[in-house]
């Protein structure tokens with residue numbers, strides 16, 4: 001357990017209170033008191049109920065569904081803490097929304113990952129801690145310091161105990177190769193890559209008779225898992241399972257994955273899912289990332305490195 005340090009407070013918006021409480025439990029401190037609600041017209045109302053003058057403060061807020069509400073909660077809470085004379089405000093973001101638009105890949109589209117970073121900075125944040133950005137370049141969108149931590153370590157520990165012999169890791173696309181390669185290397189497994197062609201997609205690598213393990217950062221619509229499962233089964237794989245950091249499970253995802261024949265799906269508790277995967281008979285296992293955030297916050301508060309919870313991907 002991390003010992004309590006009186007010089008800081010940890011607050012939370014409404015996005016993932018269960019995770020925030022778990023982080024505070026790991027640190028043996030109470031969650032900071034704040035009123036986070038709405039006025040009748042839907043405007044967000046926030047009041048900080050603890051005295052934070054001269055203190056380092058941390059806001060745990062995952063930008064999951066309803067995304068825009070939780071973004072505004074974060075922005076307003078940052079402003080409230082700054083106006084309450086907090087010494088510093090650190091946004092701890094288990095899931096960073098709008099990160100899938102990280103470049104202008106076609107005409108007349110926004111770069112929303114950068115736009116959201118600008119909004120968070122303008123609200124007065126001093127530091128950002130985030131878990132598994134969709135793209136590593138998102139760190140460069142911020143001018144304030146960013147600590148990017150990864151769930152890779154907890155996923156690897158789980159995989160060491162539960163993966164069957166003769167497993168092979170599959171990267172879902174070219175963008176996910178680096179992430180999957182680290183996962184495979186740590187487990188001393190071979191790796192294959194999903195060919196993304198719309199017509200007759202296939203897996204580049206021999207998966208026949210082997211247990212396919214997909215590693216990805218987000219499960220949202222479930223189409224990626226469905227595509228990999230279909231290609232793996234067509235190639236003669238013995239089974240298909242998946243590790244995904246952020247389990248969003250948007251509408252239709254549960255049914256899609258259930259039909260795909262996934263034997264096991266492991267996600268973290270970084271977000272509160274849009275739909276409950278258990279409603280569709282999915283065998284989903286949750287791994288907590290609360291200790292990672294507790295270590296990161298405690299290390300930052302002590303002025304120490306957070307390399308123990310950083311994984312280079």
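Some observations on this one:
- Distance from segment 37-95 to segment 164-210 (C-alpha centre basis), Å: 40 Å
- Under the simplified labelling scheme, the residue 307-residue 230 pair shows an inter-label distance of 4.6 nm, with each label point 7 Å from Cα along Cα→Cβ.
- Cα gyration tensor category, rounded, prolate or oblate, for segment 232-285 with a/c compared to 1.5: prolate
- Of all DSSP bridge pairs formed entirely within segment 152-287, close to 10 percent run antiparallel.
- Spin-label pair residue 278/residue 166, simplified geometry with 7 Å Cα→Cβ offset, distance in nm: 3.4 nm
- Value at 222 nm in deg cm²/dmol, rounded to 500, when DSSP H runs of n ≥ 4 in the chain each add -39,500 (n - 2.57): -9000 deg cm²/dmol
- Every pair of different Cα atoms in the chain enters the Kirkwood calculation, which places the hydrodynamic radius at 20.4 Å.
- Remark: the Cα gyration tensor places segment 196-274 in the prolate category, a/c being 1.5 or greater and a/b exceeding b/c.
- Put a dot 7 Å past the Cα of residue 21, heading toward its Cβ, do the same for residue 47, and the two dots end up 2.3 nm apart.
- Span from the segment 125-148 Cα centroid across to the segment 244-313 one, whole angstrom: 18 Å
- The Cα-based radius of gyration of segment 152-287, divided by its Kirkwood radius, gives an Rg/Rh of 0.93.
- In plain terms, the chain from residue 251 to residue 139 could stretch by 37.4 nm, reckoned as 0.36 nm per residue minus the Cα-Cα distance.
- Note on residue 178/residue 87: beta-carbon distance plugged into 1/(1 + (r/R0)^6) with R0 of 30 Å gives a FRET efficiency of 0.20.
Just so you know, all these numbers are worked out from the coordinates, no wet-lab data involved. These numbers come from a predicted model, not from an experiment. Positions of Cβ are generated from backbone atoms using ideal geometry, with glycine treated the same way; all protein chains shown enter the neighbour counts.
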